[in-house]
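Working notes for the structure below.
Any read-out appearing in this document is the output of simple, stated calculations on the displayed coordinates, not a laboratory observation. On a predicted model such as this, the values are computed, not experimentally measured, just so you know. All Cβ positions, even for glycine, are placed from backbone atoms using ideal geometry, and neighbour counts span all protein chains on display.
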Amino acid sequence: MGNWLSAEEPPPPMVLVPPLFDFPPLAARTRMLESSYDLLFGKLALRCLFDEYFEEAKHFSTRIMLKPIDDPHVDLIATVAGPYDHKPDEQIIGNAQFRWQSDVDDPHTFVDLFVSNSEPILLMRSCAYYPKYGFGAFGVFPMLLKQRLSDDYGFMGLRYGSSNLSVGVTAVPFSSRDDIPRNAWLVSKIGSLTAGVQYEPKFGSKDGAKYKNLANWSCALGYGLGSASPLSPSFTFGLELARNSQFIASFYQHVVVQRRVKNPLEENEVVGITNYIDFGFELQTSVENHKPSNNIQDSTFQVAASWQANKNFLLKGKVGPLCSSIALAFKSWWKPSFTFSVSAVRDRIRGETALGLGIHVDNIREASYQRADPNFVMLTPNKEHLAEGIHWKVGQRTLLQSDVNAGNFEGMPKELRPFNKILFHHLSTPKRMKLLSL
């Protein structure tokens, strides 16, 4: 009788929260080797949206990323790419990268060796960053070339980074030219606004002072809302004047949508699933007075969108004036994970459609498939993000919650932990997100 009266209550309804296909992006592993100006203003997010899984027509690519269980500080990435209908004038490119990382959870201090059957044959890259002081030093050095020129000795750089400022400079060692520094940048963030300027002395000047030539300068202004965490929607809009000759306008939006799901393989309490929708646009146009030649476009644009329906399927498409592409990727979350992708490319000039194939194997980036209480509220609440038909009930087990006094990220997956002291908005995680055990 007592057991009958104290019957357990049914479990609360749950919402599946799948991981992103590729997070963090591989470009984030070497971001300390690049100018922050080239990564902020939504540039890294747009690069991934426009390029990932869009294989070149009539080409294939394979990538294997492995990390030994006994030593998580090292990993190996090997790639092979080329045309699947091989022709004598086309080469199949193969390369491999061996990396040692000081801290498993912090990719900012590392050394890697890159080998390839094309130039450079052997390349070494290294970076040392001290988050306590915000200073870092880095370098890229081609160790082996078939034919080394006077300026093929790589470059070295210094940088300083904080949550609102990034400044750095690079120089070419043993260079006899007067273009020192190789480049320099300054990026600052105030609230939702990000502004930056970059100097690259590639063009001369009448009096020999290259810094007086506006063609060596680029400036950008960005406006961003929300966070770039996969669990929170975000929006980024950017304007850039590159080398005083090209105007670039772009925006990128990451939307988190919760929709109802009926999956016979899931438990009855699973009532919804979180989807990720990304949309990006980029317009490039010349601001110079002279007209370009017939084979050079005065302006161009591209639009792309992606939809991750669940942890296994990703659909992407992009449209441009010269060609359009659509890609479908399937991912199995084994250890290591396996991803197969196929893309169709329509060339408008030739009137041809061709396929591209890709196979990826990865155990470097770990991801978790989580179940969230349906009362989880996004950091930027919007009724449009809530699918109709889902009944939001009060549950007893909370997985994700907003907490202004949180800051405990120990329970979060490593790929979602924030780098609060560095100006890298595209990879930061909401500071007010807390993950609690069930």
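Assuming a ≥ b ≥ c are the square roots of the Cα gyration tensor eigenvalues, decide whether the range 9-149 counts as rounded (a/c under 1.5), prolate (otherwise, with a/b larger than b/c) or oblate.
Judged from the Cα gyration tensor, the range 9-149 comes out oblate (a/c at least 1.5, b/c at or above a/b).
For a quick check: sort Arg260, Arg31 by the number of other beta carbons within 10 angstrom, fewest at the front.
Arg260, Arg31
Just rank Met124, Met143, fewest to most, by other beta-carbon atoms within 10 angstrom.
Starting with the residue having the fewest Cβ neighbours, the order is Met143, Met124.
Pairs to check: Lys146/Lys202; Lys132/Lys318; Lys58/Lys335; Lys43/Lys331; Lys43/Lys210. Give those whose C-alpha atoms are more than 32 Å from each other in this structure.
In this structure, Lys132/Lys318 exceed 32 Å between Cα atoms.
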